[in-house]
Amino acid sequence: MNKLQTDHYFSIGDSHGIEGKPCQDYAISGILKDSAFAIVSDGCSSGGHTDIGARMMALGTARAIRRHAKASENVPITVSAVSEISFFQQAFLEDTMRLLEVPFEDMLATCIYAYVGKDFGFVHVLGDGVVAFVLPSGDLEMHLFEWEKNMPFYPVYKSLTGANAFVVAHGRD
């Protein structure tokens, strides 16, 4: 396998800098034994302290991917990887929210992650955003994920109380 490399970057937007608001984005990437991951999280401007939520979301997802990689070492990655990572991610986030007493509104953040290895690769979108691929031909392929009323199903909505909040926010539709 070729040696993998990752990199990540995020920056505060001009309007947030001018208004003295914190950066609500966070990104992280990493190399595991024979795989790599990249994660981007974007906090909702109308939420609470979503700068904290975005960081917790990305760090919790990185932990979930590392946990999954360790648990599936020497086992081929299958389509169940997404649900297994989501299970770990949700458990880590709920535990951290309880431990730090982080309110629901602070966790309104999207999470997009890519996880690749020699024999697998996928991108998982939790919320909204854009995913772009550079194809072997050099062509750029882009996918836009958006939600009605610009209110995505953020990962925090997976909790029982969160799902109800999502339904209420969408007018019970």
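Tabulated results
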| quantity | calculated |
| --- | --- |
| Residue within the range 55-75 that is touching a residue at least 40 places away in the same chain (Cβ under 8 Å), part of a loop (DSSP other than H, G, I, E, B), surrounded by 16 or more Cβ atoms within 10 Å (Cβ to Cβ) and not acidic (D, E) present | no |
| Among residues of the range 87-131, those that are of a type in the set (G, A, S) and more than 25 Å from K33 (Cα to Cα), counted | 3 |
| Out of E73, E105, sole residue that is more than 16 Å from K158 (Cβ to Cβ), charged (D, E, K, R), at pLDDT below 90 and over 13 Å from the mean Cα position of the chain (by Cα) | E73 |
| Residue ID - surrounded by the fewest Cβ atoms within 10 Å (Cβ to Cβ), chosen from residues in the range 29-48 that are under 13 Å from I65 (Cβ atoms) and either of a type in the set (S, T, N, Q) or without any contact (Cβ under 8 Å) to a residue 12 or more places away in the chain (or both) | S29 |
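Table: residues versus (1) surrounded by fewer than 18 Cβ atoms within 10 Å (Cβ to Cβ); (2) of a type in the set (A, V, I, L, M, F, W, C); (3) modelled with pLDDT under 90.
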residue	(1), (2), (3)
I112	no, yes, no
K118	yes, no, yes
F122	yes, yes, no
V131	yes, yes, no
M142	yes, yes, no
E146	yes, no, no
N150	yes, no, yes
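The values are calculated or read from the model by the stated rules, or taken from the named source; none is laboratory data. Remember, it's a predicted structure, so these values are computed and weren't measured experimentally. For neighbour counting, all protein chains shown are included, and Cβ atoms are generated from backbone atoms with ideal geometry for every residue, glycine included.
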